[in-house]
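Working notes for the structure below.
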Amino acid sequence: MQADTRKSAQKQAVLEELRRARANLLAAIEGLTPNDMLRAGAVGIWSVKDVLAHLTVWESELVTALSRLDRPALVPHIVQIEDIDEFNAEQYRINAPRPLEIVLEDFHGVHKHLLRAVEALDERTLTDVRKFRWLEGEPLTYLIAECAYWHEDEHAEQIRQWRAAQGL
Ligand code: NI
């Protein structure tokens, strides 16, 4: 029992970070009205809705990557994106016309999928730096951090700063 607990330490740590960052992000948007969330300029030209859609895009790409790890040689789309600014701009154009409630539904739904996808991984898959050549020596935990919890932390902080500046 003790050995099993130790073996899944990394997975538990990742799940904890995902939950922590999500709680932090939800706290950062807490109390905003739908109108506030549609106001342009929270992060660059993006509204809070656009930021949440942007986070959802990356987490959704991550879920797709995690669901295909049984074919380790298959390079996921998420690591093949060459021009990240262009990709983000294109995704912004796709998501901009979508209503807030749909964006929010996806935002919550994709995060649930992500938690389940991580839950289903074994410790070696998460930590072995040689298993996936396309990770270029990083463990899978790094990709998850970069595309999910560090990313949420970064934008939560920007939203906090915007709110403070706007008095919201
Ligand atoms: Ni971002």
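Rule-based calculations on the coordinates, nothing more; no lab input. Everything numeric here is computed off the predicted structure, so don't read it as measured data. Because the Cβ atoms are built from the backbone with ideal geometry, glycine has one as well, and the counts that use them run over all protein chains shown.
Observations
- Taking amide H atoms as placed 1.01 Å from N in the peptide plane, the amide H of residue 46 lies under 5 Å from those of 41, each 5 or more residues away in sequence or on another chain.
- Cα-centred dipole magnitude for segment 19-74, charges only on beta-carbon of K, R (+1) and D, E (-1), debye, nearest 20: 140
- Rounded to the nearest 10 degrees, the angle from helix 9-29 to the longest Cα principal axis of the chain is 0 degrees.
- Using alpha-carbon coordinates, inclination of helix 150-166 to the longest axis of the chain, degrees: 20
- Binning all Cα-Cα separations of the chain at 10 Å, short to long from zero, yields these whole-percent fractions: 9, 37, 33, 16, 5, 0.
- Ranking of 112, 11, 49, 131 by count of other Cβ atoms within 10 Å, fewest first: 112, 131, 11, 49
- Principal-axis analysis of the Cα atoms of the chain puts helix 48-66 at an angle of about 20° to the longest axis.
- Over the chain, dividing the summed -39,500 (n - 2.57) contributions of all DSSP H runs of at least 4 residues by the number of residues returns a 222 nm mean residue ellipticity of -20500 deg cm²/dmol.
- Sorted peptide list for 39-46, 114-121, criterion being average Cβ within 10 angstrom, highest first: 114-121, 39-46
- Whole-Hz couplings from phi, Karplus 6.51/-1.76/1.60, listed for segment 72-83; x for Gly and Pro: x, 7, 6, 7, x, 4, 4, 9, 9, 5, 7, 9
- Note on the chain: dipole from Cβ charges, positive end direction compared against 24, 14, 97; the farthest Cα belongs to 14.
- Its relative contact order, with pairs defined as Cα atoms under 8 Å and 6+ residues apart, puts the chain at 38 percent.
- Sorted peptide list for 78-84, 90-96, criterion being average Cβ within 10 angstrom, highest first: 90-96, 78-84
- Reported to the nearest whole Å, the Cα centre-to-centre distance from segment 23-91 to segment 100-168 is 9.
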